[in-house]
1. Within a Cβ distance under 12 Å of THR383, other residues only, what is the Lys/Arg minus Asp/Glu net charge?
2. Report the one residue of GLY31, VAL246, LEU224 whose Cα lies farthest in the direction of the positive end of the charge dipole of the chain (charges on C-beta: Lys and Arg +1, Asp and Glu -1; origin at the Cα centre).
3. How much length, in nm to one decimal, is gained on full extension between GLU335 and ALA162, taken as 0.36 nm per residue of separation minus their Cα-Cα distance?
4. Specify which residue in the list SER275, LEU203, PHE297 is farthest towards the positive end of the charge dipole of the chain, using unit charges on the beta carbon of Lys, Arg (+1) and Asp, Glu (-1), about the Cα centre.
5. Leaving out same-chain residues fewer than 8 places away, which aspartates and glutamates sit with a Cα under 12 Å from that of LYS274?
6. In nm, to one decimal, how far is the modelled label at GLU169 from the one at ARG254, with both set 7 Å along Cα→Cβ?
7. Once both axes come from the Cα atoms, what is the angle between helix 443-457 and the longest principal axis of the chain, in degrees from 0 to 90, rounded to 10?
8. Rounded to the nearest 5, what % of the DSSP beta bridges within the range 125-186 are antiparallel ones?
Amino acid sequence: MAFEMVAVVGLGTMGAGIAEVFARAGLRVIGVEADADALATGRGHVERSTQRAVDRGRLSGGERDAILGRITLTTSREDLREADLVVEAIPEVLDYKRSLFADLDRICKPETVLATNTSSLPVTAIAAATGRQGRVIGMHFFNPAPVMGLVEVVSTVLTDPALVPEISELARRLGKTPVAVGDRAGFVVNRLLLPYLNQAAVLLEQGLARRDDIDAAMRLGVGLPMGPFALLDLIGLDTAYEVMGVLFDETRDRRHAPAPLLRELVSARLLGRKSGRGFHGDEPRPREPDRSTVITFEMAGEGADELTERLRTAGFKPSADPDVILRPADRPVIEHAVRLQDPARLVGVRVVGNRVAELAATVLTSQAAARAARDLMTVIGLTPVACRDRAGFVTDALLYPYLNDAVRMYDTGYASIGDIDAAMRLGCGYPAGPFETLESIGLAVVRDGLRALYAEYREPAYAPAPLLDQLVTAGVHVFPRA
Ligand SMILES: NC(=O)c1ccc[n+]([C@@H]2O[C@H](COP(=O)([O-])OP(=O)(O)OC[C@H]3O[C@@H](n4cnc5c(N)ncnc54)[C@H](O)[C@@H]3O)[C@@H](O)[C@H]2O)c1
């Protein structure tokens, strides 16, 4: 089917961007809003977005005018009769969407494809409101739509199978990468991303580490574009809370239960950037860090050479009566501490990604030793991340379950390895997809890390996915790709 005339219903955050994407690709677009005021706001979104592109030299003034010229705006759904495709981007409320789809089904010509941009509602339930369930599909764009390169193409059991390649081809024509999946809560990206963000909130609540330390660990250590709390603030805590609720309703996995801390912040209307404050937004003025004058240290255990060398180069000397004993580790260090004459001095240290040093203080570690460890790491150019002495410290505890979820998702046949990797790279701006990350860390390392997490938290979902376990047992280092 040739899609020449498309319509977008709802020109809010997503719809305005989606209308722009279609118009940029040369299609004629009808934008529909609820009333004249909302229409003016929607027009403003598109005008500002295209003007920004001109200011940045990505569009010429003439191109911008041509794009805006292809978009017609209306408040009347009746104008959509001849559209080849309608993309719905109204608020995430099932009743609103079902009523809109029933109406579109009545108005539009029989061959019109009706698509929803829903993030978390079942596409099947929206399709069921129409008499053309074979021509209803999910087209899930990412925010901001003109920038993000992914479209999840979601088919239901009722969708005409021939429609999936047509919509995927259309997505390519828009310059996007399509990933075709079935109708499961969260699709690929939100199903893998949101539980990780939720888990960060759970760990914060449990006092594993402080907010900024967790953000720094994931951004600087793992190399993600943002820390989990900065990203939650961007997404909106209310949205994250709702999506987690939908995931939980489908899976009944207690890990998908929205973190109580999220509920608390949402109830307090601390929703993130949109309300001015969420996890972030109430920072006291940064305090000048206390500067230690002379710190002495001792290194214990294997893997100490490189850190010792860096500390020596920075002018510190190992001492027999140290302020802090640093023990390189990726597991809790309390057993080592209790063997020492003065366990208060021991801090576990683990360098992540060459920029972050996770510093695990045991229940016996003194504040002075913890502070000395932090200052030493700062001096040698590492960002210290203070955390409790728990399996996985911060980064593994957040990263490995996400990687495990990706393996389980692939193993159920929901999406291919290439599609899952592409979805996370393009949908979240991650530097690598989960399978690429798993292979670069090493399958056995991740499997063993998951075992340690499982032993610590007794969380069934942390048990290594059988496929991961079997590949490690078989001595295979990469995932089998079709
Ligand atoms: N915001 C995101 O990051 C994001 C990302 C991907 C998908 N989505 C999904 O996109 C959809 C829209 O989200 P959003 O963030 O753009 O919401 P939004 O609130 O910014 O925009 C919704 C728009 O729909 C309009 N609207 C409401 N009822 C209407 C009607 N009956 N007819 C025409 N217009 C109507 C509103 O006036 C508003 O402009 C939701 O389903 C959401 O889950 C959002």
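1. Every neighbour counted, the sum reads -1.
2. LEU224
3. 56.2 nm
4. With unit charges placed on the Cβ atoms, the residue in question is PHE297.
5. In chain and number order, the partners are ASP233, ASP238.
6. About 5.0 nm, to one decimal.
7. Its long axis makes an angle of about 80 degrees.
8. Working: 4 of 10 bridges.
Just about 40 percent of them are antiparallel.
Computed from the coordinates by the stated procedures, all read-outs in this text should not be read as laboratory data. The model shown is predicted, which means the values in this text are computed figures rather than measured ones. Methodologically, a virtual Cβ is constructed for each residue, glycine included, from the backbone with ideal geometry; neighbour enumeration extends over all protein chains shown.
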